[in-house]
Amino acid sequence: MDMQRIPAQDGTYNLQNYEKMRKTFSWDDMKKHFSWNDTGKVNMAYEAVDRHAENPDKKDKAALLYSSPDREEKVTFGELSKKSNQFANVLKKQGVEKGDRIFMFLPRSPEFYATFFGILKIGAIAGPLFEAFMEQAVRDRLEDSEASMLITTPDLLGRVPQDDLPDLKKIVLIGEHNETSDKYIDYQQEMKEASTDFDMEWVDLEDGMLIHYTSGSTGKPKGVYHVHNAMVQHYATAEWVLDLREDDVYWCTADPGWVTGTSYGIFAPWLHGVTNVVRGGRFSPDAWYGTIDKYNVSVWYTAPTALRKLVSAGTDPVKKHDLSSLRHVMSVGEPLNPEVITWGLQAFDLRIHDTWWMTETGAQLIVNLPSQEIRPGSMGKPIPGVEASIVDNEGNEVPPNQMGNLAIKAPWPAMMRKIWKRPEKYESYFINGWYVSGDSAYMDEDGYFWFQGRLDDVINTSGERVGPFEVESKLIEHPAVAESGVIGKPDPERGEIVKAFVTLNEGYEESDDLLEDIRQFVKNGLSAHAAPRELEIKDAIPKTRSGKIMRRLLKSWELGLPTGDTSTLEE
Ligand code: 6R9
């Protein structure tokens, strides 16, 4: 094991004494920071937006600094409060009620944030989708959630299923369009007519706020359900882990279709009234460094896949920009390679702080804090108020340095409260009082956690979770494909890539055109990140006697590893 250690950065931090805090902290202490602790009136939209809009010193402060290649905009807390009130009124006019699922299929834009908080203000549940989704991915999520309304743009409308979704009553269109049916609601028109005053729907801490769909190893994507109570942990981790201060300019590069883009791209900074940078458009090293330079970003939360691309672009683009505003850098989504940390020290003269958590956990759990030593390759230690451990398959803790299931003692404030409509799925995460993450890891003698891999077949490609089952299902919809098996194959830049094996139906011959056609079919049906980067034709797909695809065997073959126990392999 690499025993290189990087000492804490000099300076004072919001959380200076981790060990002491860990011993004395209780979540009840954190609740005192919220007005609902006294008033009993709860809504995330109040704590993240309206509270600042009501504060004369804060209302004209920039909440959002938005830029994309063709648009630039500043939105203050006061403006965001009014815009989201207007949208809440638009929803009210349509009869939207507390608990309804309102889905969002939008590019990153100022309208995203106004409509998002409008949804929360009326007590409905927001379901943000990745802009990159294609029709099948959008359909699966709208169908399962029984969403009654979708907010999208005319550009994306072509990927919205228009039939067989009986619950989907209305579609709000943001932008010029020619739709005439009363199924469509014109955003500009309705917003113009809507009042900027709205009576917030006060909800219970345990009421639903947000659903993020995520992939598992079997079945369709599952709806991970989060409640308003999660704010307690977003607030705490923004203070300790993001180390946010009043005058920070914060940039989280994640898309709000991903939990990082909501928990840390929306809630964490705004619960503290901190200015939040949002960038539309594609990744390029110049554009990213340019964003830090232009807005004087001081706290930056990004992902290994982007950092690895920055590393390969070298230090020349770094030198072209003034990055001296940066004070604190963090990463999430995949293992953070020690080389990337070493590079961060050279390029920015800063440590890059790895953080570990999941869609299901709602907020950061295991982290590297600025006041602590970093052991490159380690995810760090649990935040105060959270107990993490390594357990065996029966939920018994194992000694240090022994590999097992990375597990968290339930509950914690931001934990999912259900899997939408699948109680048995939700229950299956918990063993013996532990939430079992599906990751394997070990803990060293000093309490640092080290990630080892996924225990299931879920693929992590460029930080995006891809379920092999979804891709396999799509592949066999192609007329040429008889059977399919999908694995994650290690890749230096993307972490893993999606590799698919297929057998062909009678009458089809292998050709480059056919392979490309199958790839495109998945891309157009699901999304670009789910499309197999490698596709191989086989005579047969290995399966168990009960008919389950043996992905592990495909992977061993692919990597030239021993195949292990194949006793259940079908003849
Ligand atoms: C927030 C988020 C969760 C899975 C998780 C693990 C992987 C996340 C990581 C990490 C190693 C880290 N993962 N952070 N692996 N080191 N710091 O990523 O949510 O998309 O649900 O993914 O991602 O495998 O189980 P989500």
Neighbours by Cβ (under 9 Å, 6+ apart or cross-chain): first from region 258-278, small (Gly, Ala, Ser); second within 16 Å of the ligand (Cβ to nearest atom) and assigned to a helix (DSSP H, G or I): Ser263/Ala230; Ser263/Gln233; Ser263/His234; Ser263/Thr237; Ala268/His234; Ala268/Thr237; Ala268/Ala238
Positions within region 399-414 being free of Cβ contacts under 8 Å to residues at least 60 places away in the same chain and within 13 Å of the ligand (Cβ to nearest atom), in sequence order: Asn405, Leu406, Ala407, Ile408
Matching residues in region 240-290 - criterion: being open to solvent by less than 10 Å² (accessible area, probe 1.4 Å), more than 13 Å from the ligand (Cβ to nearest atom), assigned to a helix (DSSP H, G or I) and under 19 Å from Arg308 (Cβ atoms): Tyr289
Among residues of region 329-364, those that are within 16 Å of the ligand (Cβ to nearest atom), over 17 Å from the mean Cα position of the chain (by Cα) and not basic (Lys, Arg), counted: 9
Residues satisfying the stated conditions in region 213-232, i.e. more than 13 Å from the ligand (Cβ to nearest atom) and of a type outside the set (Gly, Ala, Ser): Thr218, Lys220, Tyr225, Val227, His228, Asn229, Met231, Val232
Single residue of region 303-317 satisfying the filter (surrounded by 17 or more Cβ atoms within 10 Å (Cβ to Cβ) and of a type in the set (Val, Ile, Thr)) that is farthest from the ligand (Cβ to nearest atom): Val311
Some residue of region 424-438 being near the ligand (Cβ under 9 Å from one of its atoms) and within 20 Å of the chain's Cα centre (by Cα): yes
Count - residues of region 365-379 that are of a type in the set (Val, Ile, Thr) and either surrounded by fewer than 21 Cβ atoms within 10 Å (Cβ to Cβ) or within 12 Å of the ligand (Cβ to nearest atom) (or both): 2
Answer from Thr461, Thr563 - the residue that is out of contact with any Lys or Arg (no Cβ under 8 Å at 6 or more places or on another chain) and either surrounded by fewer than 21 Cβ atoms within 10 Å (Cβ to Cβ) or touching a residue at least 12 places away in the same chain (Cβ under 8 Å) (or both): Thr563
Residues of region 143-164 satisfying the condition of being under 26 Å from the mean Cα position of the chain (by Cα) and surrounded by fewer than 17 Cβ atoms within 10 Å (Cβ to Cβ): Glu143, Glu146, Pro154, Asp155, Gly158, Pro161
Any hit, region 445-458, residues being open to solvent by 60 Å² or more (accessible area, probe 1.4 Å), more than 13 Å from the ligand (Cβ to nearest atom) and without any contact (Cβ under 8 Å) to a residue 12 or more places away in the chain: yes
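So that you can scan it fast, the table gives a plain yes or no per residue for (1) modelled with pLDDT of 95 or more; (2) in contact with a Ser or Thr (Cβ under 9 Å, 6 or more places away or on another chain); (3) on the phi > 0 side of the Ramachandran plot; (4) in a strand (DSSP E or B):
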site: Tyr435; (1), (2), (3), (4): yes, yes, no, yes
site: Ser440; (1), (2), (3), (4): no, no, no, yes
site: Glu445; (1), (2), (3), (4): yes, no, no, no
site: Asp456; (1), (2), (3), (4): no, yes, no, no
site: Lys474; (1), (2), (3), (4): no, yes, no, no
Qualifying residues in region 291-302 (those that are outside any helix (DSSP H, G or I) and open to solvent by 10 Å² or more (accessible area, probe 1.4 Å)) - the one farthest from Ala48 (Cα to Cα): Asn296
Search result, residues across region 492-503 that are open to solvent by 40 Å² or more (accessible area, probe 1.4 Å) and either assigned to a strand (DSSP E or B) or not charged (D, E, K, R) (or both): Pro492
Flag if Leu535 is at pLDDT below 90 and either over 30 Å from Ala132 (Cα atoms) or among the aliphatic types (A, V, I, L, M) (or both): no
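The values are calculated or read from the model by the stated rules, or taken from the named source; none is laboratory data. If you're wondering where the values come from, they're calculated on a predicted model, not measured in any experiment. Positions of Cβ are backbone-derived with ideal geometry, glycine not excepted, and every protein chain shown enters the neighbour counts. Only protein heavy atoms, including side chains, enter the accessible area calculation; ligands, DNA and RNA are left aside. Shrake-Rupley method; radii C 1.70, N 1.55, O 1.52, S 1.80 Å.
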